[in-house]
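The values are calculated or read from the model by the stated rules, or taken from the named source; none is laboratory data. A quick note: this is a predicted structure, and the numbers were derived from the prediction, not measured. Neighbour counts run over all protein chains shown; Cβ positions are idealised from the backbone, glycine included.
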Amino acid sequence: MENIILKDPAFYPENNILEMALGENYQNYQKFTNKISEKNLLMEWNYYNDGKNWLCKIVNKKKTVCWLSIWDIGFRTTFYFTEKTINGICELDIDQKIKDMTTQIRNVGKLLPMIFTIDSEEKIRDVLKIVEYKMKLK
């Protein structure tokens, strides 16, 4: 599973390029980004030389809510939580499998990453609830 799009910094991730890369998953991407926009969150695409890829930082004011990347099986969101904030995930009205994930996450430094491959509307719903939770954190 490779991050297939935009290894070249010259190809800014415009909608036509994203549609080509995501194929049938582009509709899910549009639904997700429309909901992100409705929450007044900004999407900031940047090319990162260390990973030789474009990544999108989803931001609430100055706070990073999550990261978005494009893959051949859909798109992914990555959230970072602390030991204190990860437990709030279990109180959300989301799929039990996601709640179960919180006990199996390995630290990356002091942070706990939660990565979701979004390839269905059900996953969009759950990830948006995590977005809302993350927005409320200080």
Conditions (1) at pLDDT below 95; (2) crowded, with 18+ Cβ neighbours inside 10 Å; (3) in contact with a Pro (Cβ under 8 Å, 6 or more places away or on another chain); (4) not polar (S, T, N, Q); number of the one not met by Phe79: (1)
Any hit, segment 112-134, residues being more than 29 Å from Glu19 (Cα to Cα) and either modelled with pLDDT under 95 or touching a strand residue (DSSP E or B) at 6+ places or on another chain (Cβ under 9 Å) (or both): yes
Enumeration of residues in segment 49-83 that are of a type in the set (Val, Ile, Thr) and in a strand (DSSP E or B): Ile58, Val59, Thr64, Val65, Ile70, Thr77, Thr78
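Is it true that Leu92 is free of Cβ contacts under 8 Å to residues at least 60 places away in the same chain and over 19 Å from Lys31 (Cβ atoms)? Even if it seems obvious, please write down each step before you answer.
Values: free of Cβ contacts under 8 Å to residues at least 60 places away in the same chain: yes; over 19 Å from Lys31 (Cβ atoms): yes.
Taking the combined requirement at face value, the residue satisfies it.
Out of Asn28, Asn46, Asn40, Asn34, I need the residue that is assigned to a helix (DSSP H, G or I), of a type outside the set (D, E, K, R) and touching a strand residue (DSSP E or B) at 6+ places or on another chain (Cβ under 9 Å). Which one?
Working: Asn46 fails: assigned to a helix (DSSP H, G or I); Asn40 fails: assigned to a helix (DSSP H, G or I); Asn34 fails: touching a strand residue (DSSP E or B) at 6+ places or on another chain (Cβ under 9 Å).
Checking each option against the conditions leaves just Asn28.
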Hits in segment 36-76 - residues which are basic (Lys, Arg), in contact (Cβ under 8 Å) with a residue 24 or more places away in the chain and over 19 Å from Ile115 (Cα atoms): Lys39, Lys52
Top-ranked residue of segment 84-121 - restricted to ones that are among the charged types (D, E, K, R) and assigned to a loop (DSSP other than H, G, I, E, B), ranked as nearest to the chain's Cα centre (by Cα): Asp119
